[in-house]
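Novice: Got a structure for you, questions after.
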Amino acid sequence: MAETRIVGGTVVTMDDARTVHVDGEVACDGAGTITYVGPRRGPGGDLDVSGDVVIPGLVNAHAHSAMTPLRGYSDSKALSAWLQDMRRFEVRLTTADLTWGLRLALVEMLRSGTTTFADMFRWDAGLLGEVVGAGMRVLAAPALFTADAVPFPAASAEDGRGALDLTERLAAEFAGDRHVRITFGPHAPYTCPPELIREVARRAAGAGTGVQIHLSEDAAELERSLATTGRTPIGHVASLGLLDVPVLAAHAVTATPEDIDLLVAAGASVAHNPVSNLKLGSGVAPVPEMLAAGLTVGLGTDGVASNNTLDMFEEIKTATIVQRGHRGQVDALAAADVLAMATRDGARAAGFPETGQLAPGSWADLVVVRTDTPRGTPLHDVESFLAFSAQGQDVRHVVVGGRLLVHDGRVTVLDEAEVRAEVNRTATRIRQELAGSADG
Ligand SMILES: [Zn+2]
């Protein structure tokens, strides 16, 4: 089958060699696999991106994407009070609301250069089909809280036990899929009792899959865990066997050196969410210590209710500068390391090691970033531009598996105006419901 050639851009490979090819070329075959990365091989080409920067598709390692209707709903409460606000709103979301909310997230992620994401929320075959239809990739975890609670009553009557069964069914149904991979999604050790965590570990091992879970998000969680279990949240779930399966742990803000050693020994990964951690006042995760210990760290936005965007460029900049400011050390964290967290390392953390770098044999997921803007001028150093100057709105084209999903800043696979109108309708309706209800 004929190659598709993307030519003329400055190609930042993010592979082991960390090569930058000025006037470069990326080519892929009809199956969506990269066949060539290097200097431009001559005239011709299918997409001329001269003057632009070509990077691997960004990987959002922790999101609750269908939460977009909650954007800006509650912005100034600490984690536990904020979670109660979220629950009040979430329980009123219908399947249709979640579908439109997810579509808005897909539009927002694509327009800002994200091609793969790890996500814990309400998931079913229909919602996963939305991701496949949009051409993106997701590591999806149907969220579960306690065994008998129904987390999304308007969208599903499933309790925690039903969500466990659903996760197994989806893992079997999507086995071998290039766009969907499934993990279990126990929300956190403070919402899931020990016997449920044990059962998740047992079922994940049986299904040959992993787990996404929130761990050690703030000091209050750590104190509660120490008081009730005598262990840190990470030590607690380790004692229940959870680290025997692949774990993607969101946050780990209060991880101790012993916690980090436990995660490294288990081959677990961490999703670092600096904007969410700062906005909720949760703290600053010990990312330099994690990297020094050899932990795989990806970068995530968390849900828009605690961010309030899905723009990974904002996350990259924040992750870098917060460590420098927090420690008073300009070399606390290198921009190059954070770019790796947003691409190659995030892809490993999110269970899609075939993406996240531009190299022959990798999947052809790439983002073309424009520099013909004031903040793209001049271009002394392309990594500096990507880490500190670029924003999501600078994304010109997005390709996933060789398919053009964003062209000239416009999403080709969804009707953005329709999606925004529907999510506005959902948000207005639920606000009105809450205003007239006792728990609102
Ligand atoms: Zn989260």
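The values are calculated or read from the model by the stated rules, or taken from the named source; none is laboratory data. All figures in this text were calculated on a predicted structure; none of them were measured in a lab. Ideal geometry is used to build each Cβ from the backbone, glycine not excepted, and the neighbour counts take in all protein chains shown. We work out accessible area using only protein heavy atoms, side chains counted, and drop any ligands, DNA or RNA first. Shrake-Rupley method; radii C 1.70, N 1.55, O 1.52, S 1.80 Å.
Novice: Evaluate E = 1/(1 + (r/R0)^6) for D23 and T256, where r is the Cβ-Cβ distance and R0 equals 35 Å; express this FRET efficiency to the nearest 0.05. Let's see the in-between values first.
Specialist: On the way: r = 48 Å, r/R0 = 1.38.
Calculated transfer efficiency: 0.15.
Novice: Which three semi-axes in whole Å describe the equivalent ellipsoid of segment 58-349, each the square root of 5 times a Cα gyration tensor eigenvalue, listed largest first? Don't skip to the end; give the middle numbers.
Specialist: Numbers: eigenvalues 131, 98, 72 Å².
So the three semi-axes of segment 58-349 are 26, 22, 19 Å.
Novice: Based on the alpha-carbon set only, what is the convex hull volume of segment 262-309 divided per residue, in Å³? Walk me through the numbers before you get to the answer.
Specialist: Numbers: hull volume 3.4 nm³, N = 48.
Considering the Cα atoms of segment 262-309, their hull volume per residue is 71 Å³.
Novice: Evaluate the distance, in nm, between pseudo-label points positioned 7 Å from the Cα of E416 and of A293 along their respective Cα→Cβ axes.
Specialist: Taking the simple label geometry, E416 and A293 are separated by 4.1 nm.
Novice: What's the percent breakdown of Cα-Cα distances in segment 25-178 across 10 Å bins, shortest bin first?
Specialist: Here the calculated profile for segment 25-178 is 9, 32, 30, 15, 10, 3, 0.
Novice: Right, something else. Taking springs between alpha-carbon atoms closer than 10 angstrom, which of S80, S306, S389 fluctuates most in the Gaussian network model of the chain?
Specialist: Of S80, S306, S389, the most mobile in the Gaussian network model is S80.
Novice: If I stretch the segment between T35 and Q393 completely, what's the gain in nm (0.36 nm per residue apart, minus their alpha carbon distance), one decimal?
Specialist: Extending this stretch completely gives an extra 126.0 nm.
Novice: Under the 0.36 nm per residue contour assumption, what length would be gained going from the current alpha-carbon distance of D85 and L434 to full extension?
Specialist: Full extension of this stretch gives 124.6 nm more.
Novice: Here is a follow-up. Restricting the calculation to Cα positions, tell me the Rg (one decimal) and the Dmax (whole number) of segment 308-440 in Å.
Specialist: Values for segment 308-440 (Cα only, Rg and Dmax): 18.9, 58 Å.
Novice: Using only Cα atoms, what Kirkwood radius does segment 249-393 have, in angstroms?
Specialist: The Cα-based Kirkwood calculation yields 15.9 Å.
Novice: Taking all protein chains as present, what is the carbon and sulfur share of the accessible area of segment 58-349, in % to the nearest whole number, probe 1.4 Å?
Specialist: 53 percent
Novice: Full-extension gain between A332 and T373, please, as 0.36 nm times their residue separation minus the C-alpha to C-alpha distance.
Specialist: Gain in length upon complete extension: 11.8 nm.
Novice: Using only C-alpha atoms and all pairs of different ones, pull out the Kirkwood radius for segment 103-182 in Å with one decimal.
Specialist: 13.1 Å
Novice: In square angstrom, what is the accessible area per residue of segment 269-335 with a 1.4 angstrom probe?
Specialist: Roughly 30 Å² per residue, with all protein chains present.
Novice: If you build a Gaussian network model of the chain, linking Cα atoms that sit under 10 Å apart, which residue out of L128, L299, L358 swings the most?
Specialist: L128
Novice: Comparing A427, A125, A336, which has the greatest mean-square fluctuation in the GNM of the chain with Cα pairs linked when under 10 Å apart?
Specialist: Most flexible of the set in this elastic network: A125.
Novice: Over the Cα atoms of segment 299-372, how large are the radius of gyration and the largest Cα-Cα distance (Dmax), in Å?
Specialist: Taking only Cα atoms of segment 299-372, I get Rg and Dmax of 14.0, 41 Å.
Novice: Which helices count as membrane-span-like in the chain under these terms: full DSSP H, at least 27 Å along the axis by C-alpha, Kyte-Doolittle mean of -1.0 or more?
Specialist: Long hydrophobic helices here: 416-435.
Novice: OK, next. If amide hydrogens are placed 1.01 Å from N in the peptide plane, which non-local residues have theirs closer than 5 Å to the one on G298?
Specialist: Result for G298 returns V270, A271, H272.
Novice: Just the C-alpha atoms of segment 25-82: what Rg/Rh do they give, with Rh taken as the Kirkwood radius? Numbers along the way, then the final one.
Specialist: Numbers: Rg = 20.5 Å, Rh = 16.1 Å.
With Rh from the inverse mean 1/r over Cα pairs, Rg/Rh is 1.27.
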